[in-house]
Amino acid sequence: MRCMRIVVLAGITAAASTALALPAQAGIPARDATTTAAPCEYPADVLDLTNWKVTLPTGDDEDPTEITQPELATFSAKPWFQTDDHCRAVRFRAAVDGVTTGGSSYPRAELREMTDDGEEEASWSTDEGTHTLVVTEAFTALPEDKPHLVGAQIHGGDDDVTVFRLEGGKLYITDGDDTHHHLVTDDYELGTEFEAKFVVRDGKIDVYYNGERETTISHDDDSNYFKAGAYTQANCGNSDPCDADNYGEVHISGIKVTHS
């Protein structure tokens, strides 16, 4: 049984466990909470977050917590944004009852691409230069009832352009509002690490899975940016229980952006 308490640090509310073992979540075996602490303290010790900011499912209604540089370099928030037990990956978690942004009804623990050492929001054109995102990640937990979760995406203007979206065991690459544009696999197992890659040039987006090109999407826009993390596609209106133990989670062990 998990015993929860609420911890408030610097205006951020996070759930902390006092149990000796954490129960299995969406097929992931229970983990012994007595595991030796990792030799790193912050997500920025694992990933280069220089040109990123993070949005968390905490804060006020339609005003979620956002952490930018330089604060992001020495920031973590259990259990939403923290290193894993072996200091190999960063855990992103978004519960169905989390705070959402004004433009979405779904909570997220997600990185947003920035520039100038994290001072400015990135915005680039699909028709000028080449823009690449490579993310090494694993989906590790899905919400109940509606087990849908986004792990990486290109966003443009007011909406997502294309994303890696897991629905149960089916992993899709989307194209705008077409959530089932391309099926990558229909038997994805939680915890399986893979490489997601977007390459954007000449108004086209090539999308790769483990080094193999899966689809090419046409897109003409000059307000694009990359995102990665856990963007849960469920909320208290379609997923039960409505609490912090019902969540989507993604582990990211590598992330790299290049523009040329």
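The values are calculated or read from the model by the stated rules, or taken from the named source; none is laboratory data. Values in this document were obtained by computation on a predicted structure and should not be read as measured data. All accessible areas refer to the heavy atoms of the entire protein, side chains included, with ligands and DNA or RNA removed. Shrake-Rupley method; radii C 1.70, N 1.55, O 1.52, S 1.80 Å.
Listing for the model above:
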{"item": "Equivalent-ellipsoid semi-axes of the stretch 101-148, from the Cα gyration tensor, Å, largest first", "result": "28, 16, 12"}
{"item": "Whole-percent carbon and sulfur share, accessible surface of the chain, 1.4 Å", "result": "44 percent"}
{"item": "Pairs of lysines in the chain (C-alpha under 17 Å apart; 8 or more residues apart or interchain)", "result": "7"}
{"item": "Quotient of Cα Rg and 2.2 N^0.38 Å for the stretch 34-163, N being how many residues it contains", "result": "1.09"}
